[in-house]
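Data first, discussion second: the structure below is written as structure tokens.
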Amino acid sequence: MSENESNQSRMVGKQSILFKNPPYIISGASIAGKKESEGPLGALFDVIQEDPLVGKDSWEEAESEFMRQAAGKALQKAGLKSKDIRYLVGGDLLGQLIATSFGIAELDIPMIGIYGACSTMGEAMSIGAILVDGGFADKVLAITSSHFAGAEKQFRFPLDYGNQRPYSASWTVTGSGAVIIADQSNKKEASSPDIVIKGVTIGKIVDYGIKDSMNMGAAMAPAAFETIKQNFEDLGVEPSYYDRIITGDLGYVGKNILIELLKEKNYDIGSLYMDCGIEIFDKENQDTHAGGSGCGCSAITFTSYILNQLKEGKWKRILFIPTGALLSQVSFNEGNTVPGIAHAVIVERKE
């Protein structure tokens, strides 16, 4: 794919978009919990909250506070005020997006609330980039969050129950990540080097019939496979086009499934592949079983580790694919399957 082709393209293939005027990521912020800070990426997070309740009365209020701080930190790092942001695009795992709606209400920014389960950061960045590239906004704040205790309470068992977790289960990350996406007129606000969103591949709902809510990796891996394969086909590229191909939270179980599914289509991503759910925790010492999960998993990994790798020039172009399991208390209790979805974002370092 030539640079000239990308400059002239909008819709590409079946599901992808290449931006004529690639939006800039001018700021990224990560707020992480104590357990996350004890993992391999701990030194990279902007703020560490030792208290999972952050002084609040409930897990849900605590998650809202994480989001409030992430938004504030992203604005501060960009030298902006909330009034400078045209739209906020964000969501979380809680029913009716209550962490987001309560967390960012005081910012007084027009909001587009979204739900993509753990793929929400990819969805938020995709929508934000489309708004900016299309000339509908000059600056967009994309944000999401998750909280271990809040997710356990809603989707599994309250912590007081003390249930045994199977080895296929992942550990919901407590944290919130935010990025500010801006048009080229705001390039001066970005720190050098420039990081841009070159394109996106919007994912489809994929259901392989998995019913085990404690095995999110197996439920989401087929969706990641379909989106990554479609990205290669739409752009006419091989895996080596990217320096890294990074999924959101497939963990150790989903990782192996994804690699094998792609091999069946003659795509070998083994040497290029990483997963945020694997990177964020220490498997040997933190007892998180299959790895990390939750909206905050890919969000804080992206805004800390991944952005740093791009800024330092270690990677030039990555494919970032947050993955989500689209289940609810109702669907699970009624015996339904766990469909998955994954959205891919092409992020580049612009020399």
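Considering only DSSP beta bridges where both residues belong to the chain, give the percentage that are antiparallel (nearest 5).
Beta bridges within the chain, antiparallel portion: roughly 65 percent.
Match the structure shown to one of the listed values [x] 1.22; [y] 0.91; [z] 1.45 of Cα Rg over 2.2 N^0.38 Å, computed from it, and give that label.
The value computed from this structure is option [y].
Once amide H atoms are placed 1.01 Å from N in the peptide plane, what residues at a sequence separation of 5 or more from Thr172, or on another chain, have their amide H within under 5 Å of its amide H?
Ser293
About the Cα centre of the range 206-273, what is the dipole size in debye to 20, counting +1 per Lys and Arg Cβ and -1 per Asp and Glu Cβ, all else neutral? Show your work: numbers first, answer last.
On the way: 6 positive and 11 negative charges, 31 e Å.
The dipole of the range 206-273 has a size of about 160 debye.
Using +1 on the beta carbon of Lys and Arg, -1 on that of Asp and Glu, and nothing else charged, what's the dipole of the chain about the Cα centre, debye to 20?
The calculated dipole for the chain is roughly 740 debye.
Which entries in the list Lys204/Lys314; Lys73/Lys255; Lys204/Lys255; Lys20/Lys350; Lys265/Lys311 go over 24 Å, if you measure between the two C-alpha atoms of each?
Going by Cα-Cα distance, Lys204/Lys314; Lys73/Lys255; Lys265/Lys311 fall outside the 24 Å limit.
Could you run the Karplus curve 6.51 cos²θ - 1.76 cosθ + 1.60 with θ = phi - 60° over the range 93-106 and give me ³J(HN,Hα) per residue in whole Hz, x for Gly and Pro?
8, 6, x, 6, 6, 5, 5, 6, 5, 7, x, 10, 4, 5
Residue by residue, what Karplus-based ³J(HN,Hα) values in Hz, rounded to whole numbers, does the range 266-272 have, using 6.51, -1.76 and 1.60 with θ = phi - 60° and x for Gly and Pro?
Each residue of the range 266-272 in turn: 6, 10, 9, 9, x, 6, 9 Hz.
Quick one: which residues, 5 or more positions from Lys350 or on another chain, have an amide H under 5 Å from its amide H? H modelled 1.01 Å from N in the peptide plane, none for Pro or chain starts.
So Lys350 has HN proximity to Asp194, Ile195, Val196.
Straight-line reach from Lys35: which aspartates and glutamates fall under 12 Å, measuring Cα to Cα and dropping same-chain residues less than 8 apart?
Hits, sequence-local ones excluded: Glu50, Asp51, Asp282, Asp287.
Sum -39500 (n - 2.57) across every DSSP H segment of at least 4 residues in the chain, then divide by the residue count to get the 222 nm mean residue ellipticity, nearest 500.
Helix-only estimate at 222 nm: -9000 deg cm²/dmol.
Between the range 241-277 and the range 303-345, how far is it from one alpha carbon centroid to the other, in angstrom?
If we compute the Cα centre of each part, the gap is 12 Å.
Would you mind putting 260-268, 319-327, 296-304 in packing order, based on average other-beta-carbon counts within 10 Å, highest first?
296-304, 319-327, 260-268
Could you give each residue of the range 337-351 its phi-based ³J(HN,Hα) in whole Hz, using Karplus coefficients 6.51, -1.76, 1.60 with θ = phi - 60°, and x for Gly or Pro?
6, 10, x, x, 8, 8, 10, 9, 10, 8, 10, 10, 8, 9, 6
So how far, in whole Å, is the C-alpha centre of the range 54-116 from the one of the range 134-154?
7
Every read-out reported here was derived from the displayed coordinates using simple, explicitly stated rules and does not represent laboratory data. Note that the structure is a prediction, hence the values are computed from the model and not measured. When we count neighbours, we look across all protein chains shown, and the Cβ atoms used for this are built from the backbone with ideal geometry, even at glycine.
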